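The values are calculated or read from the model by the stated rules, or taken from the named source; none is laboratory data. Everything quoted here is computed from the prediction, not taken from an experiment. Heads up, the Cβs are rebuilt from the backbone with ideal geometry, glycines too, and the neighbour counts pull from every protein chain shown.
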Amino acid sequence: MADYFVSTKDHSDLRLESSQLAQALTKRWPDMRFMERDDAANTIRWAVPVPEGRELCGELQSSGQVVALEGDLANAAEFAQWLRRQIPGRYALIFYDEGYSHDVPLTETTTVEELVKPFLVQS
């Protein structure tokens with residue numbers, strides 16, 4: 001079950017290639033690991049190390065248009081920032097949670113704080 005997602009807001013011709021994404025992941029996180037696929041819904045699964053000895057898990061869904069992330073919100077937001085730089089700017093991306101309570105436009109200038117803020121409980 002994923003916590004956060006990065007995808008196009010509307011249908012598009014974006015198709016991330018799993019081999020290219022895998023290469024970019026290993027270049028950015030040399031100590032990351034790939035995991036066995038658990039179903040036909042994803043093309044690759046991975047885990048990247050994050051602070052406190054934890055991992056952020058992710059998968060590229062078979063459409064090539066959605067990356068699902070499981071882990072801490074801030075780590076997911078940082079990953080989303082990195083992913084934005086891997087995808088041509090002509091594709092409008094959003095960052096959202098599993099319940100789709102919020103979606104945040106993901107541009108090359110979007111900060112982690114801007115991505116995280118809508119999902120924090122206000123007291």
*When you go through (1) surrounded by 18 or more Cβ atoms within 10 Å (Cβ to Cβ); (2) modelled with pLDDT of 95 or more one by one for GLN65, which number turns out not to apply?*
(2)
*Flag for VAL116 being in contact with a helix residue (DSSP H, G or I) (Cβ under 6 Å, 6 or more places away or on another chain), surrounded by 15 or more Cβ atoms within 10 Å (Cβ to Cβ) and within 17 Å of ARG28 (Cβ to Cβ)*: no
*If only one of ALA47, ALA68, ALA92, ALA74 is of a type in the set (A, V, I, L, M, F, W, C), closer than 25 Å to PRO118 by Cβ and touching an Asp or Glu at 6+ places or on another chain (Cβ under 6 Å), which one is it?*
ALA68
*the range 108-122, subset part of a loop (DSSP other than H, G, I, E, B) and farther than 18 Å from GLY89 by Cα, residue modelled with the lowest pLDDT*: GLN122
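Is it the case that the range 33-41 has a residue that's crowded, with 19+ Cβ neighbours inside 10 Å and either touching a Cys at 6+ places or on another chain (Cβ under 8 Å) or in a strand (DSSP E or B) (or both)?
There is no residue in the range 33-41 that is crowded, with 19+ Cβ neighbours inside 10 Å and either touching a Cys at 6+ places or on another chain (Cβ under 8 Å) or in a strand (DSSP E or B) (or both).
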*Restricting the range 89-104 to residues that are farther than 11 Å from PHE5 by Cα and in contact (Cβ under 8 Å) with a residue 60 or more places away in the chain, the residue that is surrounded by the most Cβ atoms within 10 Å (Cβ to Cβ)*: TYR91
_Based on this model, can you work out whether ARG45 counts as farther than 24 Å from THR109 by Cβ and assigned to a strand (DSSP E or B)?_
yes
_Of the conditions (1) part of a loop (DSSP other than H, G, I, E, B); (2) hydrophobic (A, V, I, L, M, F, W, C); (3) surrounded by 18 or more Cβ atoms within 10 Å (Cβ to Cβ), LEU83 satisfies every one except a single condition; which number is it?_
(1)
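May I ask you to verify whether ALA22 is part of a helix (DSSP H, G or I), among the aliphatic types (A, V, I, L, M) and within 19 Å of TYR100 (Cα to Cα)?
Considered against the rule, which asks whether it is part of a helix (DSSP H, G or I), among the aliphatic types (A, V, I, L, M) and within 19 Å of TYR100 (Cα to Cα), ALA22 comes out as no.
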*Quick check: is even one residue across the range 42-65 of a type in the set (Asp, Glu), farther than 11 Å from TYR4 by Cα and in contact with a Gly (Cβ under 9 Å, 6 or more places away or on another chain)?*
yes
_Search result, residues across the range 1-19 that are surrounded by fewer than 17 Cβ atoms within 10 Å (Cβ to Cβ) and either in a loop (DSSP other than H, G, I, E, B) or at pLDDT 95 or above (or both)_ = MET1, LYS9, ASP10, HIS11, SER12, ASP13, ARG15, GLU17
